[in-house]
There are 2 protein chains.
Amino acid sequence: MSAESGLSALLRRRLPILEWGPQYSGQTLVGDLVAAAIVSMMLIPQSLAYALLAGLPPQVGLYAAMAPLLLYAVFGTSRALAVGPEAVGCLMTGAAAAQVAAQGTPEHLGAVVALALLTGLLMIAMGLLRLGFLANFLSHPVVSGFITAAAVQIAAGQLGPLLGINTQGQSLREILESLLPHLGQAKPVTAAIGIAAVVFLLWAKRGIKPLMIRFGLADRPADIVAKAAPAMAIVACTAAVWASGLDARGVAILGTVPAGLPTLAVPPFDPTLWTTLLLPALLIAIVGYVQSISVALTLAAKRRQRVDPDQELIALGVADIGSAASGGLHVAGALSRSAVSFDAGAQTPAAGAFAAVGVGLATLFLTPLLFYLPKTALAALIFVAVLSLVDFAALRPTWMYSRAEFAAMVATMLLTWMDGIESGLMAGVGLSVFLHLYATSRPHVAVIGQIPGTSHFRNVERHEVVTDPEILSLRVDASLYFPNARFIEELVNESVAANPAVRHVILECIAVNTIDLSALESLSAINKRLAEGGISLHLAAVKGPVMDRLKRSHFLQELTGKVHLSQFEAVSSIKPELAASVLQSARVSAVAPSAKPLPDHP
Amino acid sequence: MSAESGLSALLRRRLPILEWGPQYSGQTLVGDLVAAAIVSMMLIPQSLAYALLAGLPPQVGLYAAMAPLLLYAVFGTSRALAVGPEAVGCLMTGAAAAQVAAQGTPEHLGAVVALALLTGLLMIAMGLLRLGFLANFLSHPVVSGFITAAAVQIAAGQLGPLLGINTQGQSLREILESLLPHLGQAKPVTAAIGIAAVVFLLWAKRGIKPLMIRFGLADRPADIVAKAAPAMAIVACTAAVWASGLDARGVAILGTVPAGLPTLAVPPFDPTLWTTLLLPALLIAIVGYVQSISVALTLAAKRRQRVDPDQELIALGVADIGSAASGGLHVAGALSRSAVSFDAGAQTPAAGAFAAVGVGLATLFLTPLLFYLPKTALAALIFVAVLSLVDFAALRPTWMYSRAEFAAMVATMLLTWMDGIESGLMAGVGLSVFLHLYATSRPHVAVIGQIPGTSHFRNVERHEVVTDPEILSLRVDASLYFPNARFIEELVNESVAANPAVRHVILECIAVNTIDLSALESLSAINKRLAEGGISLHLAAVKGPVMDRLKRSHFLQELTGKVHLSQFEAVSSIKPELAASVLQSARVSAVAPSAKPLPDHP
């Protein structure tokens, strides 16, 4: 391994384009171009809509759909992930920026750009430091509950623009409080356009494709027409407003969208601003990463491709920085567009780059056509898009599997709705950690005895076993660490107090994967207290890594008993007569237990 | 079991005095009275000193040394724990109250009393709800680092009164900042008395007892004289100030301490105040409990007595409420006085009640004598008392055992000193939890193979084993839960990508104590992805409780492979020819593996 080959391996790892680029062929190009065309048709209206969702001028969404896609094509390891603005990330961005400044102000836009930059930097740092495991702190029920809660909140937030009512708020509670009392002020024409668009889009999800096929289209073109439904809805609504002059009758329209590509932007450098945005940026980074990586892994598995989770962090981080540098907002991998891109035959990340070119062309030449686009149509687009993220059905299996995790899930949802996104996520993370520590703080501990005539030891409550009144054998089914250290201490104290004849305590450590300092301190206390009562403490079946660590303390010197290779050896060395009887019976019935051993911990 | 006997068992559990009270004898009385006399001699000056430490009028300390001791005698399960004001609890109380109001104001005193009440209520709630495990969140390195840091900070805080300099601050940094620039303003006479008291008390710890024995005293009276050293120092200093009129020369004295027993006090009910004090009260409750229970358990073990941890929470909580109701501050079990009481022959909690009577008599009749007590002498008393809590020696073994836990310990100490008690403790707790989750997020996973001719499977890297190219067997040495769920997912993905011949993946779950919903979701994803590549997933040696839970999900129906009783059975059912060869060789060499099994996880 020369230094050069190490460097080239590093380069190939950090720039995956070096891997697939040289093999790029004409056939790959066709697949990528078709996918890019379909994705662009979704991406252009979605970018506009998500920008409005975050309370931003529409072009900010378009900017976020160019540079990030080009950069991800260079740095990303997923062949099918479609990055860009997506619903949950935009909701979180909007909520965080609204804490800093009012929507529509330059400070608000500055905060949005700073957030994208900060999120990008955090993701790159996490990738380089291999801190991707931070994403693990979002347990599955918390992520699932949060996405559903965010989607419901986004959908509720669209009801205002959909019906032509001014609403505001960063939580479902606030949104409903500002919406419900003013439902009577809904504008009929706006509402009619919006509701018609919603109905069309809902129908289009299932209805267009069979219709096209009945009209004689082949399967694939029919699919493409179906994917273009949102774009068609936007075009139809815009045309209707323009033709009927509905904007003069109170239908809010998009107005002037500046044409032209984004220029290099420098986010405001303000330490106070950055400090305020640090926690939101971290949450946005983690949520964005969790969504993106799960989409990427799922799609990669379908074609047995590899995705490098640490490199994905770097790629998404670079994409975010690219978005910030071109005046855009935070981006992530979008579930719907990725699936569409994959189905449409995208072969490489170049598909994303081509989609960016599509958005760029639209930004250069199509913005005048967007002038009469009614905002209610964009609201309809978001409303229907986020409905697919709502998954209340996940509540039931969670309840069945674990009441504690169900509680974490529901708490995340309720707090998101009542108090906002950050509270919901933080509460979910805190509760998951707490519930885990609580569950492990009272681990399963079994008093074990010997199955007569064998070297096996089992729970006295589940099996016919032999025990010796002078020996108390305990098997702890958990690692020993601070949440349960004192529990073990109290348990041994009580077990010994209840068995006055005991002279030896053996802890079988077969399920003990670690012993931390708190547990070591407890073991040491147990050892000392037992010694004062004339009882010796033994350990059995201690794993290699645990033993290595114990050797770095004074515990083994203090231990009144010994460390034995197995529970059987421990008992044998304390009571040699037991071993002899087993050897004898083993000669008679050896085959059965050896060829078909009992499961070790039934 | 009648309802009556259930009730009487509950009563005996909640009122341990019903257990030991009826058996109280004359001999027990003598032991308790002697212990009470010695403890009172320590308790009276310490109560005054600790009240000053918390920035309170001295009588508040005396009040905290009466009602709480009487109540603990009724509710406590430890025969030797001496409750009352103690150094760390008073420091924490003073710091929390100072956040609410300036020392010396009625609001400050009100906050102190409210803190004691709140702490008491929290402890009782924790005891009744069996939430004593909350104390486990303070891992050993964090508690140990915190106590040392607090003791150093208390000692540094006494340098001001000791030398006659006004200092202030709630962290070591603030204390030193207000002390060091004014060292030149030390008052010589005050400093002389204080330093003399410190030197005498340090010498007295070791020197008095041998001296008394040389003077002809028996061992026991000599011991009592030694324990009375602090009281003697206080009397001597007070007499010196009174006789020489040193108070007129600038030596700060205690002044008028109101005589008489405390009257019933009602703490201020102010929701804002209570909300502010909730977190400090929780920390005080947990730290107080951890200190008390470890002292109680250690002393109980020496006489093989029982301590009920949940009932201790209730007893300490009631004691705190009693303190609040009589205008006192938070109390806890004090290490030094408990050890003295135990050594002096205390037999029952009545010893504490008798000590309370001693303090009561002093409060009734001795307070005029305290007028000339120089504050520098009380500072000397605290200074010497807390030195025994300083344990920098614990740093080295912690470093040796675990770098991560060492980091948690040092972070706790530094943050306590730089930013205050709450920051230090919270950071320590947070870091402990984080480090634990980090450690378990990348668990040890071994590829395992069969030891030829046996039914045992071992790590391929440590043993000569046989593997089949179509079977990938993995043993995960950890519970599967949210911090490591994704890691396992990625690991299986990568292992399969690296072994294209694989048709079966077997996860041996012998060390898996739980599978949470995140891990279940990952297993489900693994199963689906493997299925798309034509690979089946099997589980082996799943423990009973884990299996019970899996049955409450759809996972077992989706699983492409089977759940096998053991790794051996899994391999045998996939490749029956392997089992046959083992059965054959088992007939030849059955005794050895059966009678002396290899340790299961070397």
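Every read-out reported here was derived from the displayed coordinates using simple, explicitly stated rules and does not represent laboratory data. Predicted model, so just to flag it, every value in this text is computed and none were measured. Note that we place each Cβ from the backbone using ideal geometry, even for glycine, and neighbour counts take in every protein chain shown.
Some values worked out for this structure:
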{"item": "Antiparallel bridge percentage (DSSP; both residues within the protein assembly as shown; nearest 5)", "result": "45"}
{"item": "Quarter of Cα convex hull surface for region B:375-435, i.e. mean projection, nm²", "result": "5.0"}
{"item": "Test item: Cα-centred dipole of the protein assembly as shown, Lys/Arg +1 and Asp/Glu -1 on Cβ, debye", "result": "1120"}
{"item": "Dimensionless Rg/Rh of region B:316-424 - Kirkwood Rh, Rg from C-alpha atoms", "result": "1.07"}
{"item": "Around residue A:319: net Lys/Arg minus Asp/Glu count, Cβ-Cβ under 13 Å", "result": "-3"}
{"item": "Exceeding the 20 Å Cα-Cα cut-off - candidates B:528/B:551; A:543/B:575; A:227/B:528", "result": "A:543/B:575; A:227/B:528"}
{"item": "Positive-pole candidate from A:356, B:476, A:307, dipole of the protein assembly as shown, charges at beta carbon", "result": "B:476"}
{"item": "Relative intensity, log₁₀ I(q)/I(0), of the protein assembly as shown from a Debye sum that treats every alpha carbon as a point, q = 0.09 Å⁻¹", "result": "-1.16"}
{"item": "Note, ³J(HN,Hα) from phi for region B:15-22, Karplus 6.51, -1.76, 1.60, rounded to Hz, x at Gly and Pro", "result": "10, x, 4, 5, 7, 8, x, x"}
{"item": "Expected 222 nm ellipticity per residue - DSSP helices of 4 or more, -39500 (n - 2.57), all of chain B, to 500", "result": "-20500 deg cm²/dmol"}
{"item": "Label-point gap, in nm, between residue B:256 and residue A:462 - each point 7 angstrom along Cα→Cβ", "result": "7.3"}
{"item": "For region A:1-126, convex hull of alpha carbons as volume per residue, Å³", "result": "120"}
{"item": "Helix runs (DSSP H) in chain A reaching 15 Å along axis by Cα, Kyte-Doolittle at least 1.0", "result": "A:26-53, A:87-98, A:106-128, A:140-163, A:188-214, A:229-244, A:271-302, A:350-365, A:375-387, A:421-441"}
{"item": "Amide hydrogen neighbours beyond the local backbone of residue B:24, cut-off 5 Å, H modeled", "result": "none"}
{"item": "Neighbour count of at most 14 Cβ within 10 Å plus DSSP loop: longest GluC sites (Glu not before Pro)-free window in chain A", "result": "A:1-460"}
{"item": "Two-site FRET efficiency, residue A:393 against residue A:562, from Cβ-Cβ distance with R₀ of 60 Å, rounded to 0.05", "result": "0.60"}
{"item": "Aspartates and glutamates whose Cα lies under 19 Å from that of residue A:187, excluding same-chain neighbours fewer than 8 positions away", "result": "A:177, A:247"}
{"item": "Distance between region A:330-393 and region A:481-560 - C-alpha centres, whole angstrom", "result": "60"}
{"item": "Residue (of A:519, A:505, A:485) at the positive-pole extreme of region A:478-524, dipole from beta-carbon charges", "result": "A:505"}
{"item": "Fraction of alpha-carbon pairs over 46 Å apart in chain B - percent", "result": "35"}
{"item": "Mean Cα-pair separation over length for chain B, i.e. relative contact order, pairs under 8 Å, 6 or more apart, %", "result": "21"}
{"item": "Under DSSP loop assignment and at most 11 Cβ neighbours within 10 Å, longest chymotrypsin sites (Phe, Trp or Tyr not before Pro)-free interval of chain A", "result": "A:270-602"}
{"item": "Shape category assigned to region A:114-233 from the gyration tensor of Cα positions, a/c cut at 1.5", "result": "oblate"}
{"item": "Taking N as its residue count, the alpha carbon Rg of region A:210-333 over 2.2 N^0.38 Å", "result": "1.54"}
{"item": "Stretchable slack from residue B:494 to residue B:371, in nm (0.36 nm times residue separation minus alpha-carbon distance)", "result": "36.5 nm"}
